[in-house]
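A short worksheet on the structure shown next.
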Amino acid sequence: LTPLLAVVIGIYMTIFKHFGFGPVWPTVLDGFVNSCTGSWYFTLLYVHNIFPGEMCVEHAWYSSADFQLILVSPILLLSLNRWPKMTLIMIGILAVCSTITGFLTSWLLEITISSLDIEKNRNLNRYFYYATWLRCSPWLIGLIVGYVIFEVKRKQFEFTINKIIASALCAASLAVMYVCVFEGYDVIIGKSDKVTDAFRIALVRPSWVIAVSWIIFACAVGYGGPINKFLSLPVFQILSKLTYSMYLIHFPIMVVVIGKMATPSVFTTSQMFYGFWSDFMVILMVSTVLSLAFELPVVAIEKYFSSRSPRKIKKI
């Protein structure tokens, strides 16, 4: 993953300034180009979410958090192999502790998920949004679900459940996902309090991952139905290979589009629809080029070396 990230950092520090012009473009450059001058190495070392001052490629904080969790994973995986039941309980306790810590952080600092207060938004990013220890609960829940699916497949355990119950659980999962995405944003018009905000911030991501986990588990054990057929379409194999490059490049492309605006934009549903799909197609094309040029070649090299059998050492 690092070569493509390094390319994006290089674009930020060299040719990004030539992509736009206009009255707000200098402000855009100040926030993106100058931030990389003294902190680009934090991003390449995957620790820039720990030092959220001047962040180069700010939206790549998730790569840092993910990398830090991957460094911890061998401890949990080895423990699962040796003491599975005790380790599963410990992982569950860690997920609960992370969720409680998120609640306390939001409540004590009065952090909201969406606010017009600039200082509160800064606190959201600095103390919650980038923090790996507050982001780990979905990852830990996913680790439990992955282990359960692995054990079911390994032992060829026949999981049986009433189809009506399975359908109801899938419907409930979709409903929870809807609530996580579209509900709970009354803070913009001042209708929420800090306790409500704290509960939402603490529970929205664990709730989301639990809902997604059931859908994954149902598909894995044969109860996915039409959802499994849809998610198994071959087109997703192509798109899945572009998700990382799209993740890295989508933000700078949208910033260029916004930064070149010389007049205010009129907010309408049709305008947003057109803006989304135009941005999406540009991002898809640019991501395809970057993925083919920098990501997939590295993947091919890794596969080549990992597939080679170790050389036999002749005894003398």
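General observations
- Ellipticity estimate at 222 nm from DSSP helix runs (n ≥ 4, -39,500 (n - 2.57)) divided over the chain, nearest 500: -22500 deg cm²/dmol
- For segment 138-232, alpha-carbon Rg and Dmax in angstrom: 16.2, 53
- Ligands, DNA and RNA aside, residue 205 has an accessible area near 50 Å² when probed at 1.4 Å.
- With Cα atoms defining each centre, segment 199-250 and segment 27-91 are spaced 21 Å apart in the structure.
- Global form of segment 190-316, assessed from the alpha-carbon gyration tensor, a/c cut-off 1.5: oblate
- The mean sequence distance of close C-alpha pairs (under 8 Å, at least 6 residues apart), as a share of the length of the chain, puts its relative contact order at 22 percent.
- Positive-end extreme of charge dipole, the chain - chosen from 297, 15, 100 (charges on Cβ): 297
- Placing unit charges on the Cβ atoms only, positive for Lys and Arg and negative for Asp and Glu, gives segment 1-123 a dipole magnitude near 420 debye about its Cα centre.
- Phi angles across segment 128-134 convert, under the Karplus curve 6.51 cos²θ - 1.76 cosθ + 1.60 with θ = phi - 60°, into 3J(HN,Hα) values of 10, 5, 8, 6, 5, 5, 9 Hz, Gly and Pro given as x.
- For a 4.7 Å threshold on C-beta separation, the list of partnerless cysteines in the chain reads 97, 136, 170, 180, 219.
- J(HN,Hα) series, segment 79-93, from Karplus relation 6.51 cos²θ - 1.76 cosθ + 1.60, nearest Hz, glycine and proline x: 5, 4, 6, 8, 10, x, 5, 5, 5, 4, 5, 5, 5, x, 5
- Annotation for residue 79 and residue 174: the two label points, set 7 Å from Cα along the Cα-Cβ direction, are 3.8 nm apart.
The values are calculated or read from the model by the stated rules, or taken from the named source; none is laboratory data. Just so we're clear, the structure is a prediction, and the values are computed from it rather than from any experiment. Please note: Cβ atoms are built from the backbone with ideal geometry, for glycine as well, and neighbour counts cover all protein chains shown. Just so you know, the surface numbers come from the protein's heavy atoms only, side chains and all, with ligands and any DNA or RNA stripped out. Shrake-Rupley method; radii C 1.70, N 1.55, O 1.52, S 1.80 Å.
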